[in-house]
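K.L.:
Handing you a structure now.
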Amino acid sequence: MKALITGGGGFIGQHLASELLARGDQVVLMDIGFHPGQLGPLEGRVATAVGNLALFTDVLDAVRSHRPDSIFHLGALLSASAEENPIGAYHVNIDGSFHVLEASRMFGVKKVVYTSSIASFGPGVPDPVPNECDQKPTTMYGVSKVFTERLGEYYSRDLGVDFRAVRLPSILGAGRGGGGASAYSTFLIDKPARGQPFECFCEPRTRIPLLYVDDAVRALRLVHDAPRAGLKRCAYNVQGFSPTAQQMLDAVKAKVPRAEVTFKTDPKMQAILDSWPRSLDDSAAREEWGWSPTVDLNGTIDRYLAVARGATGPGAAGGR
């Protein structure tokens, strides 16, 4: 299989590329640009396509040139960045999704797998949130996710593009950057693991669903490979674990007693986090394509510590 990954130069994109290469797939990474050394061990093992999702010509050129069998559509402006630049987020996240789906239709791409988000749900939802639940997000990022889910369903039902989406929690893993309101969850572990102080911008009570990056990649692979006949819908909740920020810190301190973490709330970030679910009901994914997480909070902390201590091999965070 040849796979094109939008946002391929990013955190999840590079982990997914490693997974696909390991099983013998060809991989093309599409992103706005690539700087020297960005791809690390992927260098020379993947093709690249420089392009802006907001420009239809760029997406068409990438799909026409590489003729992928499948597209993993990961590219987007993340939550906090999208709130700072809603017009840019509209063009990248909404126009970009249309461009990917229409290019897929035009050039016969067999499958499009999309990374939707817990941000597609607004406040006031049940805990856990059912797979089928009103999606009334209060952020541009969330709106863009709902738009793409609905547009993907249309393309799947009426235009022959096999569209599948997973609503991912906040993804944890060494190497994740900022740009999203959920980034606190990564830094709560990463900074202490590296012996660095961290001022957490959310309240200790904050609780959102979390998932280690290896499991996120596994979810994308599983939903992609599942036979269409066994799928009853296009979009699926994926749940990992849902501790509060304080519970995360307590678990970190059990392994890193000298961890220096303080809390200082950023009201804008807190408002975004408070609009998201506390946990997701992922029973549909479990039943229809065999999903289950493999890494819990303590396992996630152990993997961060392994990376910080210079461990390599399968036990290191990120699996690369």
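K.L.:
Report the net charge of residues surrounding Gln239, where surrounding means a beta-carbon distance below 13 angstrom and charges are Lys +1, Arg +1, Asp -1, Glu -1.
P.N.:
-1
K.L.:
Please express the shape of region 102-169 as an equivalent ellipsoid: the semi-axes are the square roots of 5 times the eigenvalues of the C-alpha gyration tensor, given largest first in whole angstrom.
P.N.:
Ellipsoid half-lengths, sorted descending, are 25, 11, 10 Å.
K.L.:
If you don't mind, another one. In whole Hz, with x marking every Gly and Pro, tabulate ³J(HN,Hα) for region 270-277 from phi via Karplus 6.51 cos²θ - 1.76 cosθ + 1.60, θ = phi - 60°.
P.N.:
5, 4, 5, 4, 5, 7, 9, x
K.L.:
Okay, next question. Can you tell me what the convex hull of the Cα atoms of region 20-60 projects to on average, as an area in nm²?
P.N.:
The number I arrive at for region 20-60 is 3.3 nm².
K.L.:
Hey, how much of the P(r) for the chain falls beyond 37 Å, as a percent of Cα pairs?
P.N.:
11
K.L.:
Next question. Taking the Cβ of Leu305 as the center, what net charge do the other residues with Cβ under 15 Å away carry, scoring Lys and Arg +1 and Asp and Glu -1?
P.N.:
+4
K.L.:
A follow-up question, please. Karplus couplings for region 239-245 from phi (6.51 cos²θ - 1.76 cosθ + 1.60, θ = phi - 60°), rounded to Hz, Gly and Pro as x?
P.N.:
Values per residue, Gly and Pro as x: 10, x, 9, 9, x, 6, 4 Hz.
K.L.:
Volume per residue, Å³, of the convex hull around the alpha-carbon atoms of region 9-78?
P.N.:
That works out to 91 Å³ per residue.
K.L.:
Still on this structure: Could you run the Karplus curve 6.51 cos²θ - 1.76 cosθ + 1.60 with θ = phi - 60° over region 206-214 and give me ³J(HN,Hα) per residue in whole Hz, x for Gly and Pro?
P.N.:
4, 9, 9, x, 10, 8, 6, 4, 4
K.L.:
A follow-up question, please. With charges set only on the Cβ (+1 for Lys and Arg, -1 for Asp and Glu), what does the dipole of region 57-178 come to about its Cα centre, in debye to the nearest 20?
P.N.:
It works out to roughly 320 debye.
K.L.:
Treating cross-link reach as a plain straight distance, find the aspartates and glutamates whose alpha-carbon is under 16 Å from the alpha-carbon of Lys191, omitting any fewer than eight places away in the same chain.
P.N.:
Counting by Cα, and skipping residues close in sequence, Lys191 has these aspartates and glutamates nearby: Glu199, Asp250, Glu260, Asp302.
K.L.:
How many percent of Cα pairs in region 184-320 exceed 17 Å?
P.N.:
63
K.L.:
So which lysines pass the test for Lys110, namely a Cα distance under 23 Å, with those fewer than 8 places away in the same chain ruled out?
P.N.:
Lys2, Lys145, Lys232
Coordinate-derived values only; no laboratory data. Note that the structure is a prediction, hence the values are computed from the model and not measured. Using ideal geometry, Cβ is built from the backbone for each residue, glycine included, and neighbour counts are taken over all protein chains shown.
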